[in-house]
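Enquirer: Here it is: the structure, laid out below.
The values are calculated or read from the model by the stated rules, or taken from the named source; none is laboratory data. Keep in mind that what you see is a predicted model, and the values were worked out from it rather than measured. FYI the Cβ positions are ideal-geometry reconstructions off the backbone, even for glycines, and counts take in every protein chain you see.
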């Protein structure tokens, strides 16, 4: 089933630029940059769900039969960078990507550049922070929570 | 010895002894895992680079890369990290020259926007309007003679080096 869907997808997308990128790349940063701009990667990320892309990637890194499997592996790896990081990283962190020459390095670079897509509301610890009144040194409730740090700037604690 | 196949039936990758003039070891890798035939299939993707601006020479080879052509006589793929590339330039006694002064025999280095070396080659000619013509190997692909700007690498940040 997985392979049928993969073959359908491979018939649909143009791999010329991805093939070129993998063929000519000398560094992982070059390959990542080129694949991020590749329509094939964009198409995969929009057409497949995260578990499907992870499954494709796993197949490519554990059982690459030919160079096209390698290209397909890189496409799926970079496509994961366009998915929800909360869904991707717990699983992607577990994979051994050494089957792709630069798999581990590209994953590290993607991780370093990943942008959070969710936020956490943090409640202030003291009333002065939500007061419209300007914070002054004489404000006793605030002055208790303001401390100079070693390089001279004021920090909240 | 190096042609013994691994249990998977593939020839394992290998390294050779390679050093700078100052005797510092240079990290390198000879990739044998997939055949030249397989890489040649991907080589079809390079058809957009054609004459008169680029001319392909020979077939793709995974065994050496651009730095392997520029600095190691096609024997192996030289590590592409900045640390290695700039160490070779320094210890082999190269000095930077402006593009306007480039001449055959100089090394051209392609960098990205953050200064990471992405490609290298050798200047073989200076044609009309001072455009350098370059001999270089494109990753695991084939060698090309090409105008310095007509290749898969960004020509915006190029530097030229000459042996002192």
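Enquirer: Across region B:42-55, what is the number of residues that are at pLDDT below 95 and not in a loop (DSSP other than H, G, I, E, B)?
Expert: Total satisfying the criteria: 5.
Enquirer: Restrict the check to region B:56-63 and report whether at least one residue is closer than 22 Å to residue B:152 by Cβ, within 10 Å of chain A (Cβ to nearest Cβ) and free of Cβ contacts under 8 Å to residues at least 40 places away in the same chain.
Expert: No: zero hits.
Enquirer: Can you name the number of the only condition in (1) without any contact (Cβ under 8 Å) to a residue 40 or more places away in the chain; (2) within 25 Å of residue A:19 (Cβ to Cβ) that residue B:121 fails?
Expert: (1)
Enquirer: How many residues, within region A:80-95, are buried (at least 19 other Cβ atoms within 10 Å of the Cβ) and within 14 Å of residue A:48 (Cβ to Cβ)?
Expert: 4
Enquirer: Scan region B:65-81 for residues that are exposed (fewer than 15 other Cβ atoms within 10 Å of the Cβ) and not in a loop (DSSP other than H, G, I, E, B) and report the count.
Expert: The number of residues fulfilling the criteria is 0.
Enquirer: Still on this structure, please answer the following. May I ask you to list the residues in region A:27-46 that are out of contact with any strand residue (DSSP E or B) (no Cβ under 8 Å at 6 or more places or on another chain) and not in a helix (DSSP H, G or I)?
Expert: Result: A:37, A:38.
Enquirer: Are any of the residues in region A:6-26 without any contact (Cβ under 8 Å) to a residue 40 or more places away in the chain, within 25 Å of residue A:112 (Cα to Cα) and either more than 14 Å from chain B (Cβ to nearest Cβ) or not in a helix (DSSP H, G or I) (or both)?
Expert: yes
Enquirer: Of the numbered conditions (1) crowded, with 22+ Cβ neighbours inside 10 Å; (2) not in a strand (DSSP E or B), residue B:59 fails exactly one; give the number of that condition.
Expert: (1)
Enquirer: Here's a check for you: in region A:47-79, which residue that is within 13 Å of chain B (Cβ to nearest Cβ) and outside any helix (DSSP H, G or I) is modelled with the highest pLDDT?
Expert: Among residues in region A:47-79 that are within 13 Å of chain B (Cβ to nearest Cβ) and outside any helix (DSSP H, G or I), the one modelled with the highest pLDDT is A:66.
Enquirer: Collect the residues in region B:32-73 that are more than 12 Å from residue B:143 (Cβ to Cβ) and within 15 Å of the chain's Cα centre (by Cα), keeping them in residue-number order.
Expert: B:62, B:63, B:67, B:71, B:72, B:73
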